1. Got a number for residues in the stretch 78-95 being under 15 Å from residue 31 (Cα atoms), over 11 Å from the mean Cα position of the chain (by Cα) and crowded, with 18+ Cβ neighbours inside 10 Å?
2. Can you list residue pairs whose Cβ atoms sit under 7 Å apart, with the first residue in the stretch 157-180 being without any contact (Cβ under 8 Å) to a residue 12 or more places away in the chain and the second being part of a helix (DSSP H, G or I) and small (Gly, Ala, Ser)? Count only pairs 6 or more apart in sequence or on different chains.
3. Restricting to helices (runs of 4 or more DSSP H) lying wholly in the stretch 1-99: which have 3 or more residues that are closer than 23 Å to residue 123 by Cβ?
4. Say whether the condition of being among the aromatic types (Phe, Trp, Tyr) and farther than 20 Å from residue 11 by Cα is met by at least one residue in the stretch 91-105.
5. Scan the stretch 173-191 for residues that are among the hydrophobic types (A, V, I, L, M, F, W, C) and surrounded by fewer than 19 Cβ atoms within 10 Å (Cβ to Cβ) and jot them down.
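What follows is calculated from the coordinates using simple rules that are stated; it is not laboratory data. Keep in mind the model is a prediction, meaning the values are calculated, not measured. Please note: Cβ atoms are built from the backbone with ideal geometry, for glycine as well, and neighbour counts cover all protein chains shown.
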Amino acid sequence: MRIRLIIPSYNEEIRFPAEAFARSLQELPDLSLLFVDDGSNDGTAALLRTFCAHHADRAQLIVLERNGGKAEAVRQGMLHAAGQGGAFDYFGYFDADLAIPLNEAFLFFAFLQERRPVYILSGRVKLLGTTRIDRYLHRHLLGRVFATFVSWTLGLAVYDTQCGAKLVRADMASTLFARPFMSRWLFDIELLYRCIALFGRAHVEEHVAEVPLRRLHDPGGSSVSLMHALRMPFELWRIRSAYSRAESGTK
């Protein structure tokens, strides 16, 4: 299983875990990295350029001229990766703070066994003796409220759409990421709507899978502001309205 992970990066100069990324490349021979600098206004681009130069065979950087948000950074990374091709089975995206270790991308398949879904979501589920999920209590509680609302809105029994570790089958990346997203942060939900449109609501669970994370350590310092968090329910309603109209129009 060969995986290329997109790492969206915005103003990560101070907290970029270069040693952890280098260690992951050393320990995971089937891993490749594509960093996307999302118009940072600090030294992130220069730092990433140096890192990629030291790992030129396994790491690459693209620099966006202006900050477009995580959704657009991931989209540009996916389209770039798909355009380059290569013998990759999956492309994915993980957060630059490495709250979720990169080896989790490969552990997903132990849970899936023989399945190779188009879209794989990870869930922050605390399972006694199985997972180690370290999160701030207030984030967990707010996350559960939001996730329940999302599940109800989508009409799918999804546990956690906003966890920062996802995989997309390489042959479907250009299709799923062809169009820009409506939301800078809730694009994971839009991807589920796009899967519903592609495969039909009755068959979407054959092509989308959710797996539990084994390890997560929340370092704090979320880049999602309080104001944006308060806007999320309205963004969710806007996304639901747009995609529901599109779904109705195809019937």
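1. Total meeting the criteria: 3.
2. 157/151
3. Details: elements: 18-27, 44-54, 70-84.
Fully inside the stretch 1-99 and qualifying: 70-84.
4. First, pick out the residues of the stretch 91-105 that are among the aromatic types (Phe, Trp, Tyr): 91, 93-94.
Narrowing further to those that are farther than 20 Å from residue 11 by Cα: 91.
Yes, because at least one residue in the stretch 91-105 is among the aromatic types (Phe, Trp, Tyr) and farther than 20 Å from residue 11 by Cα.
5. So the first thing to find is which residues in the stretch 173-191 are among the hydrophobic types (A, V, I, L, M, F, W, C), and the list is 173, 176-178, 181-182, 185-187, 189, 191.
Of everything in the stretch 173-191, those that are among the hydrophobic types (A, V, I, L, M, F, W, C) and surrounded by fewer than 19 Cβ atoms within 10 Å (Cβ to Cβ) turn out to be 178, 182, 185.
Yes or no, residue by residue, for (1) more than 28 Å from residue 198 (Cβ to Cβ); (2) β-branched (Val, Ile, Thr); (3) touching a residue at least 24 places away in the same chain (Cβ under 8 Å):
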{"site": "26", "(1), (2), (3)": "yes, no, no"}
{"site": "32", "(1), (2), (3)": "no, no, yes"}
{"site": "44", "(1), (2), (3)": "yes, yes, yes"}
{"site": "115", "(1), (2), (3)": "no, no, yes"}
{"site": "120", "(1), (2), (3)": "no, yes, yes"}
